[in-house]
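Contents: one structure, followed by commentary.
Just so it is clear, none of the values below were taken in a lab; they were calculated from the coordinates. Since we're looking at a predicted model, the values are computed, not measured. Cβ sites come from the backbone with ideal geometry, for glycine too, and all protein chains shown count toward neighbours.
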Amino acid sequence: MISGFYAAGGAMRVYAERNDIIANNLANVATPGFKKESVYVEPFDVLFARVTQPVGGEESLVQSPLGRLRDEAITVYTQGAFRLNGGKFDLAINGDGFFKVRTPAGVRYTRDGSFQLDSTGQLVTADGYPVLGDGNAPVVINTAEGSDVLVAQDGTITVSGVQSGRITLADFDKPYPLRKVGHNLFEPTSEEAVELTSTSPITQHAVEMSNVNVVEEMVALITNYRNYEMAQKIARLQDQTLDQAINTVGATR
Amino acid sequence: MMRALYTAATGMGAQQMNVDTIANNLANVNTAGFKKSRVDFQDLLYQQIRMAGASSSDSTQVPTGINIGLGVRPAATQKMFTPGLPKPTGNPLDVRIAGDGFFQITLPDGEMGYTRDGAFKLDDQRRIVTSDGYLLEPAVTIPDNVPFENITIAKDGTVQVKAAGEDTVTDLTQITVATFVNPAGLTAIGGNIYKQSPASGEANVGNANAEGRGSLEQRELEMSNVAVIDEMVDLITAQRAYDVNSKSIQTSDEMLGLANNLKR
């Protein structure tokens, strides 16, 4: 059989997977603190050259597009825009760093600072996981004496003039040894990942929006679709070639 | 089938909920004491296709791995308890809480309700009630001989009345105010009324204008805290986000169509 047929089929699979990643970025266009997955889209001519070049060697058609796509699915930790006018427990990090959150599975990290208080006064995420401060202890905001909560840039919390704990930020060496686990949380990819501290300023009354750029994603969506279409055309061409070989050249009449 | 179809469907569902919430905010733009809601989103599960750190050969490791996300989910609709603008009305039974706190209302089932809507009235027994006729707690009864205009409510909640034709001012019951550790956790039951929930914590009842509780301002109402411009911007964003997710679905559908066309 013609191996190019499998190459084209493999390419279709790759583009279907890319489509999944773009769809997830677009679905999270309004998710606070969301960090997009990058999808590198190759120029048409590069791709065409790749798909039509002879099979064999390092640039094997069957394997290389797949392998490349997978290495390209990386999380992009660029800063998201701030949305202001939030509540008093809406916090955004300006620069590198993560809020630390205690989950039943251990300490996790997030950039989504749309926090709330629970019934005991702990600062928690939308899932009720406590946000950690000094000494990895949950941050408790005592609002019994007043409700003017001020969060300074270094994370120090003041309630009506009385200091009430401090939020600390974590950071890691880059590239970040983190992976997403949903619920806007990141977890370290290995036990050895060393947690550093971050001194990035915290902005109160602001939420960091998703860093997904709709224009980029739409362009990627269209390009990816056309690449998929091209791979499909090539697969059909291979099929036609086989058809000719079997039914015209090899006709036994 | 393609994950993208389901991923984009979660995106459309989430944005639909967002539009529903914004529509409710806009519908209540003139509701006294109304607090706007906001939907908080979270990313959904991630499917691990290749683990970062896995060995790709004897001496090399996969540097980043591959995670495919499966969409978005609404995590919470959060009531935003930012203050609404004051609106002077001149009505002696219109009371605004300047700062934190809620009026306590006895609901018909005997349970306690909480509201920021201070547009009170008198019922046939001259008790102070809400627009729905629910009693204010503690109950305040205005004596028969007191003209409507002679009711004074002080910043600390003391109700003072002066009977017609007399000069002496009589102190009645003091209106108390309830605060919560987490007001955003209260359950809204409609009619501008909230109920206590496990998330809100216990009501902390006490005199107004003390210990962090707001003061009472008579002859004023607290307007809704909905800012029309903010809501309109959110509405446009939500609509476009909905739109863009529908494009993902359309594209995925066309890709599946192409795959089907492989077989002639």
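Which FRET efficiency value, to the nearest 0.05, do you get for A:Ala152 and B:Thr82 by plugging their Cβ-Cβ distance into 1/(1 + (r/R0)^6) with R0 = 30 Å?
Once the sixth-power term is evaluated, E becomes 0.90.
Residue by residue through the range B:233-242, what is 3J(HN,Hα) from phi via Karplus (6.51 cos²θ - 1.76 cosθ + 1.60, θ = phi - 60°)? Round to whole Hz and write x for glycine and proline.
Once θ is set to phi - 60°, the couplings for the range B:233-242 become 4, 4, 5, 5, 4, 5, 5, 5, 5, 4 Hz.
With each pseudo-label sitting 7 Å past Cα toward Cβ, what's the B:Thr158-B:Asp171 distance in nm, one decimal?
So the label points at B:Thr158 and B:Asp171 sit 0.4 nm apart.
Give me a comma-separated list of calculated 3J(HN,Hα) values for the range A:123-139, in order, Karplus coefficients 6.51, -1.76, 1.60 applied at θ = phi - 60°, integers in Hz, x for any Gly or Pro.
7, 10, 7, 4, 8, x, 7, x, 7, 9, x, 3, x, 6, 9, x, 7
Taking amide H atoms as placed 1.01 Å from N in the peptide plane, list the residues 5 or more away in sequence, or in a different chain, whose amide H sits under 5 Å from that of B:Gly157.
HN-HN under 5 Å from B:Gly157: B:Leu216.
Rounded to two decimal places and with Rh computed the Kirkwood way over Cα pairs, what is Rg over Rh for the range A:148-206?
My calculation of the ratio gives 1.09.
Assuming a ≥ b ≥ c are the square roots of the Cα gyration tensor eigenvalues, decide whether the protein assembly as shown counts as rounded (a/c under 1.5), prolate (otherwise, with a/b larger than b/c) or oblate.
Verdict is prolate for the protein assembly as shown.
Net charge near A:Lys180: determine it from the other residues with C-beta under 13 Å of the C-beta of A:Lys180, scoring Lys and Arg +1 and Asp and Glu -1. Show your work: numbers first, answer last.
Values: positive: A:Lys35, A:Lys36, A:Arg108, A:Arg111, A:Arg179; negative: A:Glu37, A:Asp112, A:Glu187, B:Asp43.
Residues near A:Lys180 contribute +1 overall.
Using the alpha-carbon atoms, what tilt in degrees (0 to 90, nearest 10) does helix B:3-27 show relative to the longest principal axis of chain B?
Once rounded, the angle reads 20 degrees.
Using amide H atoms built in the peptide plane, which far-off residues or other-chain residues are under 5 Å from A:Ser164 H to H?
Those lying under 5 Å, H to H, from A:Ser164 are A:Ile157, A:Thr158, A:Val159.
List the residues whose amide H sits under 5 Å from the amide H of B:Leu45, counting only those 5 or more places along or on another chain, with H placed 1.01 Å from N in the peptide plane.
Residues meeting the amide H criterion: B:Leu70.
Sorted by average packing, counted as other Cβ atoms within 10 angstrom per residue and highest first, what order do B:96-107, A:221-232, A:22-33 take?
A:22-33, B:96-107, A:221-232
Using a Gaussian network model on chain B with a 10 Å cutoff between Cα atoms, which of B:Asp40, B:Asp156, B:Asp58 fluctuates the most?
Checking each option, the largest mean-square fluctuation is seen for B:Asp58.
If r is the Cβ-Cβ distance from A:Asn213 to A:Asn94 and R0 is 22 Å, what FRET efficiency results, to the nearest 0.05?
0.70
So what J values fall out for the range B:103-118 if you push phi through Karplus, 6.51 cos²θ - 1.76 cosθ + 1.60 with θ = phi - 60°, rounded to Hz, Gly and Pro as x?
Once rounded to whole Hz, the list reads 6, 9, 10, 7, 7, x, 7, x, 6, 8, x, 10, 8, 9, 7, x.
Consider a paramagnetic label point 7 Å from the Cα of A:Ala137 along Cα→Cβ; state which residues of the range A:94-117 have an amide N under 16 Å from it.
Answer for the range A:94-117: A:102.
So what's the net charge close to B:Val129: Lys and Arg +1, Asp and Glu -1, counting the other residues with Cβ under 14 Å from its Cβ?
Working: positive: B:Lys121, B:Arg126, B:Arg127; negative: B:Asp94, B:Asp117, B:Asp123, B:Asp124, B:Asp132, B:Glu137.
After counting each charged neighbour, the total is -3.
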